[in-house]
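**Student:** First the structure, then my questions, so here it is.
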Amino acid sequence: MFFDGLGLAALFEILGIISALLILVGLAIVIITVILGYFLVKKNKLLFPQVFLYIMDNFHPILLKLCLMIGTEDTFYRIGIDFYNRYYYQYFKRAERKVLILPHCLRDIKCPAKLGINGVECVFCNRCPLGSIIKVARDNNYEVYIIPGSTFIKRILKEKNPTGVFGVSCYRDLFYGMNYLSRRGIPVQGQPLLKDGCICTSVDMEELLTRIRDSR
């Protein structure tokens, strides 16, 4: 046999040590994240942002499972979105080619706009808030896209090569979109919907338009 009894024992011992080290690393990551998250949520302070960014970008599945033990899924997404907004705010303001990604679910149920190669083409019928958002965004040097799915985002990133992306979506989709962009080094901002449900959703217009204007 390739391994004798002694060899197998040594192998298992090494595997045991490696497993213990991985567990310790995992616990360290969890503890550090809990501490940093506490200061972010309770104290409104962003401590060791580079460390928090690395953990949030690469270990979010573990953090989500932990959060589900002590809270809710939406709580985790809110913390993640808040962190990304704070971390990337100044980087985003300095971005020269900004893109605003809007969800098609903000449309009125009787929206006359058609789906084209660049997403839904707004006709500014005033039945929903999208027309007003687009006008303000364009006045502030954004390219705007109303998209029906994540595949559009990947194509926009590839074709337009933006240096900053502002997204509007439900908490879950917004977090994963911001995480995706962050791991690619693209400064990002996000505005969660007030009401989701994939149809006739809503957003805080005053807050969104203020953030668009302030990001110049």
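**Student:** I want to check the label-to-label distance for Met205 and Asp74. Put each point 7 Å from Cα in the C-beta direction and report it in nm to one decimal.
**Tutor:** 2.3 nm
**Student:** So for Met205, Met178, Met69, Met56, fewest C-beta neighbours within 10 Å to most, what's the order?
**Tutor:** Met69, Met205, Met56, Met178
**Student:** Could you give the distance between the Cα centres of the stretch 81-147 and the stretch 193-216, to the whole Å?
**Tutor:** 9 Å
**Student:** Can you return the aspartates and glutamates within cross-link range of Lys160? Criterion is Cα-Cα under 18 Å, with same-chain partners fewer than 8 residues away left out.
**Tutor:** Within reach: Glu96, Glu121, Glu143.
**Student:** Right, another one. Past 23 Å, Cα to Cα: identify those pairs from Lys110/Lys195; Lys110/Lys154; Lys98/Lys195; Lys65/Lys154; Lys98/Lys135, in the order given.
**Tutor:** Details: Lys110/Lys195 18 Å; Lys110/Lys154 28 Å; Lys98/Lys195 25 Å; Lys65/Lys154 27 Å; Lys98/Lys135 15 Å.
Over 23 Å apart, Cα to Cα: Lys110/Lys154; Lys98/Lys195; Lys65/Lys154.
**Student:** Please give, to one decimal in nm, the separation of the simple spin-label points placed at Ile117 and Ser150, each 7 Å out from Cα toward the Cβ.
**Tutor:** 2.6 nm
**Student:** What is the list of residues in the stretch 163-206 whose amide nitrogen lies under 16 Å from a point 7 angstrom out from the Cα of Glu143, following Cα to Cβ?
**Tutor:** Only 163-167, 186-187 fall inside the zone, counting backbone N under 16 Å.
**Student:** Quick query: amide H of Gly190 versus all other amide H atoms, modeled in the peptide plane; which residues come in under 5 Å with a sequence gap of 5 or more or a different chain?
**Tutor:** Gly167
Read-outs: derived from the displayed coordinates by stated rules, not from any lab. What you see is a predicted model; the values in this text were computed from it and never measured. So basically every Cβ, Gly included, is an ideal-geometry build from the backbone, and we count neighbours across all protein chains shown.
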